[in-house]
Amino acid sequence: MNFLVKKVKQKAASDDERLSDEANMNLLQALCSVNFWLLFIAMFCGLGSGLAMINNISQIGESLDYTAAERNSLVSLFSIWNFLGRFGAGFVSDIFLHRVGCARPLFVAITLAIMAVGHIVVAAGFSKNLYLGSVLVGVAYGSQWSLMPTITSEIFGVGHVGTIFNTIAIASPVGSYTFSVRVIGFIYDKVGSGEDNTCFGSRCFMLSFMIMASVAFFGVFVALLLFFRTRRFYKAVVFRRLRHF
C-alpha cells in the first residue's frame, strides 16, 4: 500500500515538473507546441479583424453617409475604447485569476465573442451603428492586446517572452492584410460602381463584416480549446507561482 502511495506521489511530482518545464520554453520549443498555434490563430481572428476595422472605419463611415466630423470622432473614440479594453481586461482577468482560479485564455474567448457581435453591428448598417460597433470592437481589440502578452508569459515562461510574444503578434498584421485587402477591399471593388469605383450603403461592407464576424466566432472556439488545454497547467504551475507572491 505504501509502495502504491509512493508511486502516485512520484508520478504527480513528475507531472508537475514536466508542466513546469513547459512554462520555460524558447521560441523553437514554443513553435512546436499546440498552445502556441492556438493562441496565434485566436489573435489572427481577433487582432487581425479588429485592425482591419480600424484601417477602414473612415471609408465605412463615408459609405454610410457620416459627416467628416463624425468620421474623425469615430477614430478618436475607437482609441478611447481601445485603452479601456486594455486596462479593463487586465484588471478583470487578474481578479478572476486570483480569486476564482479562472485561467486567462477564457477571457480571450469572451473578447472574441464581443468582437464578433461588434462586426455584426457594423454589418447591419442601421443608423449610427458605427458608434456601437466601434465600442464593442474597440474594447475587445484593446482587451486582446492586454491579454496576449500576459498569457504568453504564463504559458511559455518569462525567459523568452519578448521573442515569443512578438512572434505571436505577427498575427495582427497578417490578419489585417488578409481582412483589409483580401476580404474588405476585394468585396468593395466588386460592389463599387462608377469611374472611381465608389460604393454607398450598407451593402458595401455587409458581407465583409459578416465574414469577419464568422472568423471571430471561430476564434472563440479556438480560444476555448486553449482554455481547456491549459486549465490543468494553470492549476499546477501558474497558481503555484501566485501563491509565492
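The values are calculated or read from the model by the stated rules, or taken from the named source; none is laboratory data. No experiment lies behind these values; they were computed from the predicted model shown. Glycine also receives a Cβ, built like all others from the backbone with ideal geometry; neighbour counts cover every protein chain displayed.
At-a-glance table
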{"quantity": "Sole residue being assigned to a helix (DSSP H, G or I), modelled with pLDDT of 90 or more and farther than 30 Å from Cys199 by Cβ, chosen from Phe40, Phe44, Phe78", "calculated": "Phe40"}
{"quantity": "Breaking point among (1) over 14 Å from Gly133 (Cβ atoms); (2) in a helix (DSSP H, G or I), for Glu70", "calculated": "(1)"}
{"quantity": "Region 50-62 - residue that is buried (at least 20 other Cβ atoms within 10 Å of the Cβ) and not aliphatic (A, V, I, L, M) and, of those, farthest from the chain's Cα centre (by Cα)", "calculated": "Gly61"}
{"quantity": "Residue match in region 163-170 (condition: crowded, with 24+ Cβ neighbours inside 10 Å, of a type outside the set (Lys, Arg) and more than 13 Å from the chain's Cα centre (by Cα))", "calculated": "yes"}
{"quantity": "Residues within region 84-105 that are without any contact (Cβ under 8 Å) to a residue 40 or more places away in the chain and more than 18 Å from Phe227 (Cβ to Cβ), tallied", "calculated": "1"}
{"quantity": "Matching residues, region 176-223, being more than 16 Å from Gln59 (Cα to Cα) and surrounded by 19 or more Cβ atoms within 10 Å (Cβ to Cβ)", "calculated": "Met212, Ala213, Val215, Ala216, Gly219, Val220, Val222, Ala223"}
